[in-house]
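Asks: Let me begin by handing over the structure; questions about it come next.
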Number of protein chains: 2
Amino acid sequence: MPERLGSPRETPLFRRLVLVGIGLIGSSIALAARRQNLAERIVAVDKDEGVRARVAELGLADEIHADPAQAVAGADLVILCVPVGACGAVAKAIAPALAPGAIVSDVGSVKGAVMASVEPHLPEGVHFVPAHPVAGTENSGPDAGFPTLFLNRWSILTPAYGTDSDAVERVRAFWQGMGANVEFMSAPHHDLVLAITSHVPHLIAYNIVGTAADLERVTEKEVIKFSAGGFRDFTRIAASDPTMWRDVFLNNKEAVLEMLSRFNEDLAALARAIRWDDGEALHKLFTRTRAIRRGIISEGQDAPLVDFGRPRE
Amino acid sequence: MPERLGSPRETPLFRRLVLVGIGLIGSSIALAARRQNLAERIVAVDKDEGVRARVAELGLADEIHADPAQAVAGADLVILCVPVGACGAVAKAIAPALAPGAIVSDVGSVKGAVMASVEPHLPEGVHFVPAHPVAGTENSGPDAGFPTLFLNRWSILTPAYGTDSDAVERVRAFWQGMGANVEFMSAPHHDLVLAITSHVPHLIAYNIVGTAADLERVTEKEVIKFSAGGFRDFTRIAASDPTMWRDVFLNNKEAVLEMLSRFNEDLAALARAIRWDDGEALHKLFTRTRAIRRGIISEGQDAPLVDFGRPRE
């Protein structure tokens, strides 16, 4: 597994890369694409004036726009880095300005709903290659980005049947250029896999943090004070961007509710084992789950640092 | 907040410290007590031959015993560091050998059940000061310990009404000597606070890791591969010691089931918000939970490292 980004390309993959929405992902792509020489010109678009000012201060892009339609003129790659609920509206806004042969992509954690809302707007001759880099941190905004966010992480592409293969290959090369591994999946399978590996975990993390804050017999101060017993691990992902996550749940409703009902069935069985003193059932589950942790570490998707490498002294 | 352990004591607090059970906690106490000169002589007891051999190799103790009754003769502090379900049997075994004036303590994550199972065995003149250091990692066994495990963490004491105040003060000083902060609570309140800050979080972490492993339409390989989307954070605590945790759930049944039913109610409301497109309710909760994370960091119970400080390059 490579520990750092490879050498930059000698010639860029794209002439004009437009990133619509400069949060954690948009800014990380800007930094990685620059370092790896993946695009001749990097263009940032954000509707928020404060974000645009910060993008300028950080030197993240060669051009900064408020209007996405203006920005995409002449672009050969446009990546939508906005919350998934906003993708359809952005696609509609940019559609008339897209050049024939341009590639449109995105980074949304949900693929079915994004494809359904973006595709109808795109003109003939524009190639849509949906993507989802499975990477992130709890921080948001243009200051949160860093160029190695995608290194050794997976980026899942879900192009529709018949999508121009040259466009697909160029998007694949773009992600590989930022150090990511690329996998192809159908959109429905993606949405199911992510429901269990990402969406439901976020939902239950948000939920338990909320439950803990609402108790009458335990104060919020106590919850915070004694959080080192396990609770604090949940708060990291429950500190993720609220708008992004609201949109994820509303746009992957079916898969999330299905996986949540599996989770609930299993939790009911565990509660029953506790109530009826079935220590053997508990011990058996708790032993199996250790193996999964080892798998994640050996696949390079987490570091084998005890206690996540939190400082000891 | 101190970033390292203070200077060692000039004169030890205890003459003969006996640690029964040398796992993560027992070995960490041995190392911290040694470094801080809290006991003249450190005695390790473990029923497992392999553990005793490892304790000898690591030089964790001055004496190593298989038989707890033999070990506690002449001890002024005995700390039970075994799973909470084993505390009663150990107390029964050591009771005849305890010297008058000896202090017995423990480190269990459950206090009500431990007090109920230990107290009846202890002879008159022996002081029982139950303790729970809220600290740990996902690793277990004598190799897992380190001397700063308790630094800046809370240790909760739950002595019964009327317990000898000199004994209580000495146990308090012992934990403070290892860098911990000490808090007093009633046992029932402790068990409720820990149910929400530690036991239920572990239960739902174990549960989702199990649910994910059991799906037919998503493979275990996929779950591992794409775990960077959130799932991997749960696997750390779901890799904790199975026997310890089985005992915790069986011995804090009432509080765990009560907190779990609160969690379930809230989760049902969240599922309903998703089903009925109530984006506002989702956004509101997701914004509140960020504040709790900030509280935990400002109280020094977690490090403000993005993504838990996982290596970036």
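Asks: Whole-Hz ³J(HN,Hα) for each residue in the range B:167-179, computed from phi via Karplus 6.51 cos²θ - 1.76 cosθ + 1.60 with θ = phi - 60°, x for glycine and proline: what do you get?
Replies: Computed from phi, the couplings for the range B:167-179 are 4, 4, 5, 5, 5, 4, 5, 4, 5, 5, x, 8, x Hz.
Asks: Multiply the residue gap between A:Ala99 and A:Glu119 by 0.36 nm, knock off their C-alpha separation, and tell me the result in nm, one decimal place.
Replies: Working: separation 20, 0.36 × 20 = 7.20 nm, distance 1.56 nm.
Working it through step by step, the gained length comes to 5.6 nm.
Asks: Taking θ = phi - 60°, what integer Hz values does the Karplus form 6.51 cos²θ - 1.76 cosθ + 1.60 yield along the range A:139-154, in sequence order, with x for Gly and Pro?
Replies: Running phi through 6.51 cos²θ - 1.76 cosθ + 1.60 with θ = phi - 60° gives 8, 9, x, x, 7, 7, x, 8, x, 9, 4, 9, 4, 6, 8, 9 Hz.
Asks: If r is the Cβ-Cβ distance from B:Asp277 to B:Ala173 and R0 is 60 Å, what FRET efficiency results, to the nearest 0.05? Working shown, then result.
Replies: Values: r = 57 Å, r/R0 = 0.96.
My answer for the efficiency is 0.55.
Asks: While we're here: When only DSSP loop residues count, what GluC sites (Glu not before Pro) in the range B:173-244 have their Cβ near at most 13 other Cβ atoms within 10 Å? Write out the running numbers ahead of the final one.
Replies: Details: sites: B:Glu183, B:Glu216, B:Glu220, B:Glu222; in loops: B:Glu216.
Those satisfying the criteria are B:Glu216.
Asks: If Lys and Arg each add +1 and Asp and Glu each add -1, what is the summed charge of the other residues whose beta carbon sits under 13 Å from the beta carbon of A:Asn252? Intermediate results must be reported in sequence, preceding the final value.
Replies: Working: positive: A:Lys111, A:Arg246, A:Lys253, B:Arg275; negative: A:Asp191, A:Asp247, A:Glu254, A:Glu258, B:Asp277.
With Lys, Arg at +1 and Asp, Glu at -1, the net is -1.
Asks: How high is the relative contact order of the range B:114-250, in percent, counting Cα pairs under 8 Å that sit 6 or more residues apart?
Replies: On the way: 123 pairs, mean separation 33.2, N = 137.
That works out to 24 percent.
Asks: What distance in nm separates the two pseudo spin-label positions at A:Leu305 and A:Asp164, each 7 Å out from Cα along the beta-carbon direction?
Replies: According to this spin-label approximation, the distance is 4.3 nm.
Asks: Where both partners of a DSSP beta bridge lie in the range A:14-185, what percent of those bridges are antiparallel, to the nearest 5? Provide the component values of the computation, followed by the final result.
Replies: On the way: 3 of 26 bridges.
Antiparallel: roughly 10 percent of the beta bridges in the range A:14-185.
Asks: Then there is this: So for the protein assembly as shown, what are the equivalent ellipsoid semi-axes in whole Å, largest first, each being the square root of 5 times an eigenvalue of the Cα gyration tensor?
Replies: 52, 24, 20
Asks: Mind checking which aspartates and glutamates have their Cα closer than 13 Å to the Cα of A:Lys92? Skip sequence neighbours fewer than 8 apart in that chain.
Replies: A:Asp67, A:Glu119
Asks: So, one more: Using a 10 Å Cβ count of at most 14 others and DSSP loop calls, identify the longest part of chain A lacking such chymotrypsin sites (Phe, Trp or Tyr not before Pro).
Replies: Details: sites that count: A:Tyr161, A:Trp276.
For chymotrypsin sites (Phe, Trp or Tyr not before Pro) (loop position, at most 14 other Cβ atoms within 10 Å), the longest site-free span of chain A is A:1-160.
Asks: In bins 10 Å wide, starting from 0, what share of all Cα pairs of chain B does each bin hold, as a percent?
Replies: Per 10 Å bin, starting at zero, the Cα-Cα P(r) for chain B comes out as 6, 24, 33, 22, 11, 5, 1 percent.
Asks: Which is the longest stretch in chain B that no exposed loop site breaks, taking sites as trypsin sites (Lys or Arg not before Pro) with a DSSP loop state and at most 14 other Cβ atoms within 10 Å? All intermediate terms of the calculation are to be shown ahead of the outcome.
Replies: On the way: sites that count: B:Arg4, B:Arg9, B:Arg217, B:Arg312.
Answer from the scan: B:10-216.
Asks: Given H placed on each backbone N at 1.01 Å, which residues far from A:Ser155 in sequence or on other chains put an amide H within less than 5 Å of it?
Replies: Correct list: A:Val134, A:Asn181, A:Val182, A:Glu183.
Asks: Could I ask something else about it? Using the Karplus curve 6.51 cos²θ - 1.76 cosθ + 1.60 with θ = phi - 60°, what ³J(HN,Hα) values do you get for each residue of the range A:270-284, in whole Hz, with x for Gly and Pro?
Replies: Taking θ as phi minus 60°, the curve returns 5, 4, 5, 4, 5, 4, 9, 6, 8, x, 5, 4, 5, 4, 5 Hz for the range A:270-284.
Asks: For the protein assembly as shown, what does -39500 (n - 2.57) per DSSP helix run (n ≥ 4), summed and divided by total residues, give at 222 nm, in deg cm²/dmol to the nearest 500?
Replies: It comes out at -14000 deg cm²/dmol, rounded to the nearest 500.
Asks: Sum up the charges of everything whose Cβ sits under 9 Å from the Cβ of B:Asp76, counting Lys and Arg as +1 and Asp and Glu as -1, but leave B:Asp76 out. Before the final figure, lay out the partial values.
Replies: Working: positive: B:Arg15, B:Arg16, B:Arg170; negative: none.
Net local charge, B:Asp76 excluded: +3.
Asks: Determine the relative contact order of the range A:189-300: mean sequence separation of Cα pairs under 8 Å and six or more apart, normalised by residue count, in whole percent. Could you put the intermediate results ahead of the total?
Replies: On the way: 45 pairs, mean separation 34.7, N = 112.
Value for the range A:189-300: 31 percent.
Asks: Determine the sum of side-chain charges near A:Val126: Lys and Arg each +1, Asp and Glu each -1, restricted to other residues whose C-beta is under 15 angstrom from that of A:Val126. Kindly include the intermediate steps, with their values, before the conclusion.
Replies: Values: positive: A:Arg16, A:Lys92, A:Arg170; negative: A:Asp76, A:Asp106, A:Glu119, A:Glu124, A:Asp164, A:Asp166.
Result for the neighbourhood of A:Val126: -3.
Asks: Sorted from largest down, what three extents in whole angstroms do the Cα atoms of the range A:184-240 have along their principal axes?
Replies: Ordered largest first, the range A:184-240 gives principal extents of 47, 20, 16 Å.
Asks: How high is the relative contact order of chain B, in percent, with contacts defined as C-alpha pairs under 8 Å that are six or more residues apart? If you can, show how the numbers build up before the last one.
Replies: Values: 516 pairs, mean separation 50.9, N = 313.
It rounds to 16 percent for chain B.
Asks: Which of rounded, prolate, oblate describes the range B:29-184, given a ≥ b ≥ c as roots of the alpha-carbon gyration tensor eigenvalues and a/c under 1.5 marking rounded, otherwise prolate only if a/b is larger than b/c? All intermediate terms of the calculation are to be shown ahead of the outcome.
Replies: On the way: a/c = 1.45, a/b = 1.12, b/c = 1.29.
Note, shape of the range B:29-184 comes out rounded.
Asks: Also, quick follow-up: Using a/c under 1.5 as the rounded threshold, could you call the range A:159-202 rounded, prolate or oblate? The axes a ≥ b ≥ c are square roots of the C-alpha gyration tensor eigenvalues, and prolate needs a/b larger than b/c, oblate otherwise. Let's see the in-between values first.
Replies: Values: a/c = 4.23, a/b = 1.54, b/c = 2.74.
Note, shape of the range A:159-202 comes out oblate.
Asks: What residue among B:Ile103, B:Ile79, B:Ile224 shows peak mean-square fluctuation when chain B is described by a Gaussian network model with Cα springs under 10 Å?
Replies: Sorting by GNM fluctuation, first place goes to B:Ile224.
Asks: In addition: Going 7 Å from the Cα of B:Ser186 along its beta-carbon direction, which residues of the range A:203-218 have the amide nitrogen within less than 17 Å of the resulting point?
Replies: A:216-218
Asks: Near A:Lys225, which lysines are there with a Cα under 29 Å away, not counting those fewer than 8 places off in the same chain?
Replies: Hits, sequence-local ones excluded: B:Lys111, B:Lys253, B:Lys284.
Asks: If a/c stays under 1.5 just call it rounded; otherwise compare a/b with b/c (prolate if a/b is bigger, oblate if not). Do that for the range A:150-224, with a ≥ b ≥ c from the square roots of the Cα gyration tensor eigenvalues.
Replies: Details: a/c = 5.70, a/b = 2.70, b/c = 2.11.
Taking the square roots of the gyration eigenvalues as a ≥ b ≥ c, the range A:150-224 is prolate.
Asks: Counting just the Cα atoms, what span does the range A:1-64 cover along each of its three principal axes? Round to the nearest Å and put the largest first.
Replies: 38, 25, 17
Asks: Find the chain B residue whose Cβ sits closest to the rotation axis that carries B onto A, and give that distance in whole Å.
Replies: That would be B:Phe308, 2, residue then distance in Å.
Asks: Amide H to amide H under 5 Å from B:Asp106: which residues, 5+ apart in sequence or cross-chain, H placed 1.01 Å off N in plane?
Replies: B:Leu80, B:Ala131
Values quoted throughout were computed directly from the atomic coordinates according to the rules given, and no laboratory measurement underlies them. Keep in mind that what you see is a predicted model, and the values were worked out from it rather than measured. Every residue, glycine among them, receives a Cβ derived from its backbone with ideal geometry; neighbour counts consider all protein chains shown.
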